[in-house]
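Student: Below is a structure I'd like to ask you about.
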Amino acid sequence: MKQQISLDDLNRAEVNDQPGRTAFIKEWGDFGFDFGQEGTSKFYIVCAVIVANSAIPQLEKSLEKIGFTEEEQLRVKVLNELLPLDFNLIFLIADKGRFFRDVPVPNFKGVFVKHLYDQLYKNLYHAYPKLQIAEEPTGRSEFQAGFKDYVGRERPVQNLFDQYDFDFVAGRHSGPAQLAEWLGGTVSKQLHGENTGDYLNILYWKILNIEKIPGDNAVNLNPAADNSRFNQEIANLAFRKARGYIREHERDAELEKRLQVSFLKYLIFEAQYGNPYKFITSKQILSVLSKYADTRLSKDFLYRKIVAPLRDARVVLASSPQGYKLPISIEDISAYLQQTNSIIAPMLHRMGLCREVILQQTDGKLDVLAEDEFLKYQKYFD
């Protein structure tokens, strides 16, 4: 069992405290933009299977027993057999048609591929600054070769041992790489509408993040939800503030900033792929964030070091006794205000009682709220 640590213990946690992990990356699709040509893919998908180094041998053995199939009748069965295994996923899903429309430059491929490298690097490095990337033992694809060059230019300086914490290593394990390739193909079938199951939903608990390219500007509403509660202005504001904070801080090395970004990405992920009306429990959030921090986090840490600083930075968050979410309705904001009022109102009441007792005892000569730092409260009670 992981030991729970205090705020002070985690305040200056170092990257080197993280256990070693390896990312096995595979891509599906092509770089073509001539959609009238047969065989040109509509999507480009990158799947990263991330495994703690200590868990790789057991994962290899389990994957050998499960095997991979292209029979659609058995695909869901295999996906469910994968869920208990020890790995996590990061997906990049690029809609090439939308990218083609949104990027008004002639060199589509160059801009497109560079953007893929940038998004993959930011997602991997933000989540795991200490990470090995398995390199294909039998030659690299065009994407893998370009991404290795990109990492070489972007990664931080060497550590005290003249090594890079984020670097490529020789790929010695075929199972996780095959898993990444099979999952990329599986997701592509769903995206192309080939009468498949909802594979992304089955993988829900294994996915740390899905980066959509181009990114969505607003929440994708669950069609089964009560859409009458939805407020477009509030949703747009909440998502814009959250994504702005992510863009500003997604390359920060400080652990608290990384966890704040992870928290926002997770809220966005839940809204887009889960139920945007549902509050996410602190327990569920802490379970996800603990994977990034590699230590068990407390509810106190979640509030004081993640939620409170985000609100101070004017990120709009909703909270209630049921948890946290990005607000998409007036009701979400009201829930936060009601929860805050239930805490603040009794405290203000007791502050007023304390002041009143001391005023009475001193015949009005001593007002404990007369200090400069308390004048705002004095005005409130007066």
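Student: Below 25 Å, Cα to Cα, which lysines can Lys376 reach? Residues fewer than 8 away in the same chain don't count.
Tutor: Straight-line reach from Lys376, under 25 Å: Lys365.
Student: Among Gly152, Ala335, Asn209, whose Cα sits farthest toward the positive end of the charge dipole of the chain (+1 at Cβ of Lys/Arg, -1 at Cβ of Asp/Glu, about the Cα centre)?
Tutor: Projecting each Cα onto the dipole axis, the largest value belongs to Ala335.
Student: In addition: Given DSSP loops and a limit of at most 12 other Cβ atoms within 10 Å, what is the longest stretch of the chain that contains no such GluC sites (Glu not before Pro)?
Tutor: Working: sites that count: Glu14, Glu38, Glu70, Glu71, Glu194, Glu254, Glu371.
Here the longest run is 72-193.
Student: Taking only DSSP H segments of four or more residues, each worth -39500 (n - 2.57), what value at 222 nm results for the chain once the sum is divided by all its residues, to the nearest 500 deg cm²/dmol?
Tutor: -15000 deg cm²/dmol
Student: A follow-up question, please. Apply the Karplus parameterisation 6.51 cos²θ - 1.76 cosθ + 1.60, with θ equal to phi minus 60°, to every residue of the stretch 165-180 and state each ³J(HN,Hα) to the nearest whole Hz, in sequence, with x for glycine and proline.
Tutor: 6, 10, 7, 7, 9, 5, x, 10, 10, 7, x, x, 5, 5, 4, 4
Student: Please name which of Val307, Gly32, Ser262 has its Cα lying farthest along the dipole of the chain towards the positive end, using unit charges on Cβ (Lys, Arg +1; Asp, Glu -1) and the Cα centre as origin.
Tutor: Val307
Student: How large is the accessible surface of Arg251 in square angstrom, using a 1.4 angstrom probe and rounding to the nearest 10?
Tutor: 100 Å²
Student: Holding the Cα-Cα limit at 29 Å, pick out from Lys109/Lys265; Lys212/Lys241; Lys257/Lys283; Lys77/Lys130; Lys61/Lys291; Lys109/Lys189 the pairs that are longer than that.
Tutor: Lys77/Lys130
Student: Using a basic spin-label model with each label point 7 Å from the Cα along Cα→Cβ, how many nm lie between Leu74 and Asp252?
Tutor: Computed distance between label sites Leu74 and Asp252 equals 4.9 nm.
Student: Under the rule of at least 5 residues apart or a separate chain, name every residue whose amide H is placed under 5 Å from the amide H of Arg296.
Tutor: Long-range HN contacts for Arg296: Gln3, Ile5.
Student: Right, next: Please list Phe239, Phe43 from largest to smallest accessible area, probe radius 1.4 Å, with all protein chains kept in place.
Tutor: Order by accessible area, largest first: Phe43, Phe239.
Student: Can I ask one more? Find the eigenvalues of the gyration tensor of the Cα atoms of the stretch 333-379, then list the square roots of 5 times those eigenvalues as equivalent ellipsoid semi-axes, largest first, in whole angstrom.
Tutor: They are 27, 12, 5 Å, listed from largest to smallest.
Student: Moving on. Taking amide H positions as placed 1.01 Å from N in the peptide plane, with prolines and chain starts having none, which residues 5 or more places from Ser41, or on another chain, fall under 5 Å of its amide H?
Tutor: Those qualifying (amide H under 5 Å, at least 5 residues apart or on another chain) are Asp30, Gly32.
Student: Measure nothing but the geometry: give the 0 to 90° angle between the long axis through the Cα atoms of 72-82 and the longest principal axis through the Cα atoms of the chain, rounded to 10°.
Tutor: That helix lies at roughly 50 degrees to the long axis.
Student: Do you know the relative contact order of the chain, to the nearest whole percent, from alpha carbon pairs under 8 angstrom that are 6+ apart?
Tutor: 18 percent
Student: Evaluate the distance, in nm, between pseudo-label points positioned 7 Å from the Cα of Ala145 and of Ala345 along their respective Cα→Cβ axes.
Tutor: According to this spin-label approximation, the distance is 6.8 nm.
The values are calculated or read from the model by the stated rules, or taken from the named source; none is laboratory data. Only a predicted model underlies this, so the values are computations on that prediction, with no experimental measurement involved. Counting neighbours? That spans all protein chains shown, and the Cβs are built from the backbone with ideal geometry, glycine included. Quick note on the areas: whole protein, heavy atoms, side chains included, nothing else; ligands and nucleic acids left out. Shrake-Rupley method; radii C 1.70, N 1.55, O 1.52, S 1.80 Å.
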